[in-house]
Amino acid sequence: MSDDRLIVALDLPNAIDALNLTGKLGEAVSFYKIGLGMLTGGGLALANELKQEHGKRIFLDMKLFDIGATVEAAVRGLVQFDLDFLTVHGDPHVVRAAREGASGHDTRILAVTILTSLDRADLDAGLIRPGDVADLVAERAARAFEAGAHGVIASPQEAAMIRALPEAEGKLIVTPGVRPAGAAMGDQKRVATPGQAIADGADHIVVGRPVWSAADPLSAARAILADLPG
Ligand code: C5P
């Protein structure tokens with residue numbers, strides 16, 4: 001049995017390249033994230049194939065945000081793909097609509113609190129309320145949970161703080177921004193190792209480049225899995 005705490009992000013140009021990678025990873029990896037960048041490259045067909053023909057778990061990272069009726073309709077369509085995780089922005093009306101759209105399906109709705117690429121200056125530019133970014137993240141996570149989110153996406157630095165919220169009990173925390181010790185950071189700034197992210201309360205870690213751009217992706221994935229606490 002492979003360890004589904006590791007989710008590999010398939011940030012590749014198209015479904016052919018992605019299937020090639022999943023073939024190399026074989027049984028070692030059982031959970032994949034497909035994002036917006038793959039949509040025009042066959043992302044939904046890829047999700048379907050990995051799920052139905054290869055038995056993989058699928059995280060579709062769409063970060064939906066719109067009026068409630070539109071989010072509900074979009075989610076109702078997407079859950080036909082038998083997704084395991086689907087992301088929406090954490091605004092309560094969006095989360096409620098997503099839960100409505102997913103009713104009758106097992107898809108877990110994960111909320112984005114504040115994109116980890118945004119700093120206080122970006123929030124000021126977007127007219128977001130003053131205050132410490134971490135406090136806003138905690139408040140948005142709590143509100144998303146209250147609105148029915150099954151979990152949140154959080155940076156490893158936010159995981160422990162969110163795990164400590166009373167509203168987070170029984171909820172999922174999924175963290176990107178994970179780097180094995182010594183790996184290139186890329187554009188990630190606030191990173192943790194796989195083991196640290198799990199120790200801080202993450203249920204799943206999302207890792208992209210350290211696996212798919214590795215000369216030997218299978219060895220890279222195995223090294224990450226070996227770092228996870230037992
Ligand atoms: O290559 P890397 O490991 O940085 O990929 C991380 C994945 O997680 C990418 O698909 C990226 O879009 C996604 N992600 C992120 N930070 C967030 C939310 C999603 O890096 N806050």
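Bear in mind these aren't lab numbers, they're just calculated from the coordinates by the rules spelled out. Note that the coordinates shown come from a computational prediction; the quantities given were computed from them, not determined experimentally. Cβ coordinates were reconstructed from backbone atoms using ideal geometry, including for glycine residues, and neighbour counts include every protein chain displayed.
Annotation: of all residues in the range 143-160 being over 12 Å from Thr175 (Cβ atoms) and part of a helix (DSSP H, G or I), the one that is farthest from the ligand (Cβ to nearest atom) is Glu146. In the range 79-116, of all residues being of a type in the set (Ser, Thr, Tyr) and in contact (Cβ under 8 Å) with a residue 60 or more places away in the chain, the one that is farthest from Phe65 (Cα to Cα) corresponds to Thr116.
Evaluation of Lys24 against the conditions (1) of a type in the set (Lys, Arg); (2) on the phi > 0 side of the Ramachandran plot; (3) away from the ligand (no atom under 12 Å from the Cβ) shows that the sole unmet condition is (2). Contact map, the range 4-18: residues that are small (Gly, Ala, Ser) paired with residues that are within 12 Å of the ligand (Cβ to nearest atom), Cβ distance under 6 Å, separation 6+ or inter-chain. Pairs shown: Ala9/Lys33; Ala9/Val206; Ala9/Gly208; Ala18/Leu10; Ala18/Leu12.
Residues are listed down the side, and each one gets a yes or a no for (1) within 11 Å of the ligand (Cβ to nearest atom); (2) within 19 Å of Arg108 (Cβ to Cβ):
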{"site": "Leu172", "(1), (2)": "no, yes"}
{"site": "Thr175", "(1), (2)": "yes, yes"}
{"site": "Gly208", "(1), (2)": "yes, no"}
{"site": "Pro217", "(1), (2)": "no, no"}
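Residue-level check: of (1) surrounded by 24 or more Cβ atoms within 10 Å (Cβ to Cβ); (2) more than 20 Å from Ile205 (Cβ to Cβ); (3) of a type in the set (Val, Ile, Thr), Ile162 misses just (2). Every test in (1) assigned to a loop (DSSP other than H, G, I, E, B); (2) under 17 Å from the mean Cα position of the chain (by Cα) is passed by Arg140 save one, and that test is (1). Under the condition of being surrounded by fewer than 19 Cβ atoms within 10 Å (Cβ to Cβ) and more than 11 Å from the ligand (Cβ to nearest atom), the residues counted in the range 182-195 number 2. Note on the range 19-59: among residues that are under 18 Å from Pro217 (Cα atoms) and in contact (Cβ under 8 Å) with a residue 40 or more places away in the chain, the one that is surrounded by the most Cβ atoms within 10 Å (Cβ to Cβ) is Val29.
Checked across the range 117-136, the condition of being within 16 Å of the ligand (Cβ to nearest atom), touching a Lys or Arg at 6+ places or on another chain (Cβ under 7 Å) and farther than 23 Å from Ala192 by Cβ holds for no residue.
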